[in-house]
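The values are calculated or read from the model by the stated rules, or taken from the named source; none is laboratory data. The structure presented is a predicted model; accordingly, all values stated were derived computationally and were not measured. Cβ placement follows ideal geometry from the backbone for every residue including glycine, while neighbour counts extend to all protein chains displayed. Note: areas computed on protein heavy atoms with side chains; ligands, DNA, RNA excluded. Shrake-Rupley method; radii C 1.70, N 1.55, O 1.52, S 1.80 Å.
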Amino acid sequence: MDKDTIAQAKDLFDRTDRLMSQWRQQARTEIDFAHGKQWLQDVEARRREANLPVLTIDRLEGPISQLVGDQRLNDIAIRVVCKSRDERQFMTLDGKEIDESTFVSGLVRDIQRQSRFDWVQSQAYEHAVVCGLGGWYVMPEYTSHKSFDQRLCIYGVDDPMRLYPDIVNWGTPHGMDYAIITEGLQREAFAQRYPTASGAWTSPSAGMSTADDEVELAYCWMRTYTDSTLELVRLPGGALKAMLADEAKPPGTLLVRTRKVRVPKVRYYVLTDNEVLESTEWAGQYIPVAIVTGRKRWVDGQVDLIGIVRKAMDPQRMYNYTRSAAAEFMGIAPRAPYLATPAQISGHEKMWAMANMGVFPYLLFNPDPEYPASPQRQQVSYPTGFAQEAIVAAQDIMAVTKIHEAGLGIKSNETSGVAIEARQREGDVGNYVYQDNLLLAVEETGRILVDALPKYYDTTRLVTARNKDGSTHSVMLNWHRPDGMFNTMSADFDVEAVSGPSFGTAKQEAVAAMTELFRAAPSLASVGADLWIGSQSWEGAQELAKRLKKMLPPELREEEGEDPHANIAQLQAAVQQLQAALQQSGEQQAQQEAQLAEARRAAEEATAKLTKMEIELATERAKHRIDLQESELERKALDFKYRQAAYNADNMTQE
């Protein structure tokens, strides 16, 4: 049986090594290159033999540090969502009830913290950035030498060259079917752990060198499948449930339908070439290994994983060559030979022979009638081509890494904030594949943990569920509660990895957002000052927040007993409420302004009507005056005619 297991593991090991041989040929060189070994061996040897400068001015450290630093500033959270409609409630020691998904999320977060997972994932991410592959694995361990309680821990892989994953199935819904990680164990530690064992794990194509005082071991996970029958049964209460045929069923259960299934089973081995040192069953259904890859390419049936170093190696070497050549030239320029005639240095040959080897206050020479000038040093000008080639090489490095000077915080041609932000975004987008692949690995880790938790955390014990803000809930797991319920994990969950700012960064952003809102609408501080103060970290802030909370109107006060620490969800909700209130206030102001404008328009229309009426009245009055004047004129004309007629009549009578 042991021989079959070792043979199968060897076959998987060699198969993976063949699939990844192209990557392995490059990866070790890329790792060494990132650590400063940037000269070709023969070129470096020739220059050192000739006592010529061999400079290494590493311009890749900046882009690598920038990518890893950006990742460390972001927090990747594992979000657990219950698939069942009736989610179970867990009771904490202080009597609170929390959803089962909240408890599982907090337990996963506590496992990450106890395992220093932030450092583990940063190391794997840096490996992926440098050479295209990094990873970690999950293992159970006993909580102490006096307990049967087990816990899950996450361990990093220090050397990516020791990873031999099922690269074909990585990232698929069912996950990898195997994974092998090699390790060099000190002989003394090996003898203490396995006193009767001998031999070591070897593979000619592994590409790994083990120290003389180390023994190579292989940690191997393999998943096998057994055929079984899945039955859909109706329980006595009427509920439908899917159960394997060999599972015990309560009396009165009715069979609805069946189908053939393959049940996965994972075993873990510690192997040498001729012995199985350990063999245990991994209680989950997934291989507990996660990998972070760079850019993934399939070429001629082989997988190649590419980081940012590979394409930057040639321009980096060119930069080193150029700077070394410039240093070489600058080193010999002050020792340029003197031009002198034999008569000028006659009798002073020893002094002139030492002229370029020491500092003399003066140099003696003989006047030469045929050459009246004094001996002159041959002037050598610095070639501008060195500087130009160095600039071109530096630009090539930025082009292939997709991280420009603005992204590194170096002053460049971009002067406006928009241009600098656009250049930084270009680098983020160009290298987002690494962050996206890290999200995939963290999500797979969440799936591994959530699947295995009920199997390993199966005893009655006190565990800690950790919130995102660092506060904790203590829960007695697998405990018969006073209300007759059980604190037992039994639900089916979906797992999602979500990337965003760390809690501290998000908290600062929430404080800044509320500060701007209060500045724009000071009246809103009366309903949100407690959240604003409570989200800050200076001494006394929480106590002041509690006092401000008591001053709120009754309808705004939170229920007693709630978590006093403001979490991000509360801060974001408060910000949204304040924004909504500000928006409503703005809408009311806009409505009032619209009403005022309508009133002004009505007043203007009334004024216009009044003016029109006054004009019409004035017109009527003027018209009336004109009519009166015309009547008066007509009267006067008639009177004149009457007087004229009377005058004419008197004249006729006299005649």
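Miscellaneous remarks
- Proximal lysines to Lys83, defined as alpha-carbon separation beneath 28 angstrom and excluding residues fewer than eight positions away on the same chain: Lys96, Lys241, Lys249, Lys260, Lys265, Lys455, Lys468
- For segment 148-252, the Cα gyration tensor yields ellipsoid semi-axes of 43, 19, 13 Å (square root of five times each eigenvalue, largest first, whole Å).
- Overall dimensions of segment 69-208 by Cα: Rg and Dmax, Å: 19.4, 60
- Reduced Cα scattering model of segment 1-154, Debye log10 I(q)/I(0), q = 0.12, 0.16, 0.18, 0.21 Å⁻¹: -0.88, -1.12, -1.19, -1.29
- Start at zero, step by 5 Å, and the Cα-Cα distances of segment 54-106 spread as 4, 15, 13, 11, 9, 8, 8, 8, 6, 6, 4, 3, 2, 1 percent across the bins.
- Viscosity 0.692 mPa s, temperature 37 °C, Stokes-Einstein D of segment 3-90 from Kirkwood C-alpha radius, µm²/s: 173
- Scoring 431-444, 218-231 by mean Cβ neighbours within 10 Å over their residues and listing the highest first yields 431-444, 218-231.
- Heavy-atom accessible surface of segment 66-214: percent carbon and sulfur, 1.4 Å: 47
- Neighbour-limited loop hits for trypsin sites (Lys or Arg not before Pro), segment 55-140 (at most 10 other Cβ within 10 Å; DSSP other than H, G, I, E, B): Lys83, Arg85
- Bridgeable lysines around Lys296 (alpha carbons under 16 Å apart, same-chain partners fewer than 8 residues away excluded): Lys311.
- Segment 289-369, accessible area per residue, ligands and nucleic acids excluded (1.4 Å, Å²): 55
- All aspartates and glutamates inside 13 Å of Lys550 as judged from Cα atoms, apart from same-chain residues fewer than 8 positions distant: Asp530, Glu558, Glu559, Glu560
- Sorted largest first, the principal axis extents computed over the alpha-carbon atoms of segment 269-404 equal 100, 39, 29 Å.
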